[in-house]
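Remarks on the structure that follows.
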Amino acid sequence: MRRLAVKTLALFCGFAFLSLLLGSPVSASTREEEYSGQFISRSNETFILMPGEVRDFTISFKNRGLKAWKRNGEQFVSVYTREPNYHKSVFSDSSWISVSHPVLISEKSVASGSVGIFQFKIRAPKKLGTYTDTFQIAAEDRAWVAGTKFIITVVVKKESGDVVRTNAPAVPSPARAKKEAMLLLKSAASITVAGGVKVPIRVAFKNSGGQSWITRAILSRDLRMASLGDGADGATSRGTTDVSSPLVRQTSGMISPGQVEFLDFFYTAPKTAGTYTADFQLLVDEEPIAGGDFSIPVTVTITEDAPTPSDANAPTAVLAPLNPSAFAAGPGVVDIIPEPLIRVGLFKTDAAVPVLTQGSYRILDGNGFPVLDIPSGAAVTLTYDAAAKKYSAAFNGQTVTDPAPLVLQPDDIINVAALTNREDRPSWNKSVNYNRFRGQIYLQWSEKNQKLWVVNSLPMEVYLKGLIEASDSSPPEYQKALMTAARTYAYYTMVQTRKHADRQFDVDAAWDQVYKGYVAESHRPKIAASLDATRGMMVAYNGEVVVTPYFARSDGKTRLWSTVWGGKDKLWIQVVTTNYDAGKTKLGHGVGMSARDAAYRADTEGLSYDALLKYYYPGTELKKVYE
């Protein structure tokens, strides 16, 4: 993976050497410890471009390995094409290092636990159609960085971002197309610093409105002065900062409704000792938007250039986190997040998908704009034309088509959509049909697998309430333990393994955890209560969320990870005794928590859910990941 400054033959040899070096995932365990990453944010999943149009693409990953990611040196970190390795990308641009090698990491060095950013241009192919390409971060001549594979999809059409509508409203409702933001995190609740010192700040905003964001910027507004030091009065004093230019501006990649944007900037503290409040404003497309303002209290301890007893005693910036235990990687990144959305691949289909709404909905186009209002009790049909590569939504004589997925979006999370041609009836009660779901419903074509999926995107806790992993009559503490393990597994699969990335959803409703949607939720009120009691709680080892497999029944003991799946053992997955399973036949893989043994321990011994989890996953603790 040498840069193209060397001759082609040398480059080819370097590629061949790396391929040999990385031949076996099991033998690469050491390299995975050194080089692994966790997805943080990215530009659009799908771009709608004209032939030859160029767009900026940005993706960021957290360094989860032991080695720092370097921009220079023998094991520099960069992006290459994958599947097959080092192929010529359909999106290659003249700005790339080579046709298979888009870019180096932006930062000079990214330490373990910090976030690295990769920014490069993608050029749309000249022919109309839908294109995908796969990429992954690599440490040169050492390893593919585990957990960093990603896919870019480009729909090439005659007009950039256009949507074909038949008998649809000419424009979306203005009330539904507002630009709005929701502040998800800021790296400090308060700042204590010497006068004139620059302090790094990170904020994250969710696009909570109905329009996409093109440019984003943070503007410093008024600086409110609560009191001055050095004996000065003035609880009412007020000053202003320089507002002539933004503190940070971001123009790469469009932020669609529902997506999250991270913005990093430096704030320079006032020169005079005292207490202040620094006010900031998010600008979107050069204008302030609702929900984009935020404030940070600032305490300046020493006036700039004031004498200090010694350099060793001079104060440095102190950032007070929103939650003292919320930092994953030091100042600048807060670990507590809002409840995430999870995309569930429900099933594959070759047919149109008729939907009956219970509650009001909207159809959102590929850019997140509402194009059809759907009342409660309406029949909507979702289809995909593989030959034309277009999605369609039809309702009451109106049809909307788009090359990107059209989303059936509920106006309230309590609303339910019934997939009326879906038959999924349990053997124990044929009157039950698991065909009703909360959250978004849409079709997603997988170019790589050439399959069409029905996808359900919804909040994590709502997804968990739709699982049928435990009986509603089981012991409450066991329910809490199992559903906490299920929450942890789902979150880990979504953000760490990303094993369904090529199909553009997070978990499979049948093969990851058995998800049946609203009907299952309505039949299991005690499971729902157990989830509410443990909301946001996950299993962590050394402060990091880890994978938590579980299974139905063991034969008296659990198994090691390596025994069942090979590779390197997990420190929190050990062989433990399952007395209540003794003499039974193992049912399931045998790794992690035995559901039967855990239920008996909760019922017979009165163990709490956290004690159960710590027994089956030794050395772990519980961690609240989201509110």
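The values are calculated or read from the model by the stated rules, or taken from the named source; none is laboratory data. These numbers were taken from a predicted model, which means no experiment stands behind them. Neighbour counts are summed over all protein chains in view; Cβ atoms, including those assigned to glycine, are modelled from backbone coordinates with ideal geometry. Quick note on the areas: whole protein, heavy atoms, side chains included, nothing else; ligands and nucleic acids left out. Shrake-Rupley method; radii C 1.70, N 1.55, O 1.52, S 1.80 Å.
State whether the residues of the stretch 417-428 include one that is open to solvent by less than 10 Å² (accessible area, probe 1.4 Å), touching a residue at least 60 places away in the same chain (Cβ under 8 Å) and in a loop (DSSP other than H, G, I, E, B).
No, every residue in the stretch 417-428 fails to be open to solvent by less than 10 Å² (accessible area, probe 1.4 Å), touching a residue at least 60 places away in the same chain (Cβ under 8 Å) and in a loop (DSSP other than H, G, I, E, B).
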For this session: Return the pairs, sorted by first residue and then second, in which the second residue is small (G, A, S), the first residue lies in the stretch 278-289 and is at positive phi, the beta carbons are less than 9 Å apart, and the residues are 6+ apart or on different chains.
Result: E286/A217
Exercise. So which residues in the stretch 601-627 are open to solvent by less than 50 Å² (accessible area, probe 1.4 Å) and of a type in the set (G, A, S), if there are any at all?
Worked result: A602, S608, A611
Exercise. Within the stretch 458-465, is there a residue that is on the phi < 0 side of the Ramachandran plot, open to solvent by 10 Å² or more (accessible area, probe 1.4 Å) and in contact with a strand residue (DSSP E or B) (Cβ under 7 Å, 6 or more places away or on another chain)?
Worked result: yes
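Go through the stretch 470-496 and give me each residue that's of a type in the set (D, E) and without any contact (Cβ under 8 Å) to a residue 60 or more places away in the chain.
Step one: of the stretch 470-496, the residues of a type in the set (D, E) are 472, 477.
The one that is of a type in the set (D, E) and without any contact (Cβ under 8 Å) to a residue 60 or more places away in the chain: D472.
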Exercise. If S41 passes every condition in (1) open to solvent by less than 10 Å² (accessible area, probe 1.4 Å); (2) touching a residue at least 60 places away in the same chain (Cβ under 8 Å) but one, which one does it miss?
Worked result: (1)
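Each row is one residue, and each column tells you yes or no for (1) among the hydrophobic types (A, V, I, L, M, F, W, C); (2) farther than 11 Å from Y478 by Cα.
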residue	(1), (2)
D569	no, yes
V575	yes, yes
Y600	no, no
G606	no, no
D610	no, no
K614	no, yes
G619	no, yes
E627	no, yes
Problem set entry | Residue count, the stretch 496-517 (criterion: at pLDDT 90 or above, in contact with a strand residue (DSSP E or B) (Cβ under 6 Å, 6 or more places away or on another chain) and either surrounded by fewer than 20 Cβ atoms within 10 Å (Cβ to Cβ) or not in a strand (DSSP E or B) (or both)) | 4
Exercise. Got a sec? Which of F61, F47, F57 is closer than 27 Å to G567 by Cα and under 20 Å from the mean Cα position of the chain (by Cα)?
Worked result: F61
Problem set entry | Residue tally, condition among the aliphatic types (A, V, I, L, M) and closer than 21 Å to T132 by Cβ, over the stretch 456-510 | 3
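Could you tell me whether E469 is open to solvent by 40 Å² or more (accessible area, probe 1.4 Å) and part of a helix (DSSP H, G or I)?
When the stated conditions are applied, E469 does not pass them.
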For this session: Keeping to the stretch 83-122, report how many residues are assigned to a strand (DSSP E or B) and under 14 Å from A139 (Cα atoms).
Result: 7
Exercise. Considering T401, T357, T381, which residue is in a strand (DSSP E or B), among the hydroxyl-bearing types (S, T, Y) and surrounded by fewer than 17 Cβ atoms within 10 Å (Cβ to Cβ)?
Worked result: T381
Problem set entry | Residue satisfying condition, being touching a residue at least 40 places away in the same chain (Cβ under 8 Å) and either more than 16 Å from the chain's Cα centre (by Cα) or over 27 Å from L406 (Cβ atoms) (or both), within set W511, W453 | W453
Problem set entry | Qualifying position, being surrounded by 16 or more Cβ atoms within 10 Å (Cβ to Cβ) and among the acidic types (D, E), among D569, D555 | D555
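Would you mind stating whether V203 is open to solvent by 30 Å² or more (accessible area, probe 1.4 Å), under 30 Å from I302 (Cα atoms), at pLDDT 55 or above and hydrophobic (A, V, I, L, M, F, W, C)?
No; evaluated as a whole, the condition is false for this residue.
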Exercise. In the set K499, K526, which member is in contact (Cβ under 8 Å) with a residue 12 or more places away in the chain and not acidic (D, E)?
Worked result: K526
Exercise. Any idea which residue in the stretch 114-128 is modelled with the lowest pLDDT, counting only those that are more than 25 Å from K389 (Cβ to Cβ) and either surrounded by fewer than 17 Cβ atoms within 10 Å (Cβ to Cβ) or among the polar types (S, T, N, Q) (or both)?
Worked result: S114
Seminar exercise, completed: Scanning the stretch 146-163 residue by residue, the ones that are modelled with pLDDT of 90 or more, β-branched (V, I, T) and assigned to a loop (DSSP other than H, G, I, E, B) total 1
Seminar exercise, completed: Checked the stretch 264-293 for anything part of a strand (DSSP E or B), under 30 Å from T303 (Cβ atoms) and open to solvent by less than 40 Å² (accessible area, probe 1.4 Å); matches are F265, Y267, G274, Y276, T277, A278, D279, F280, Q281
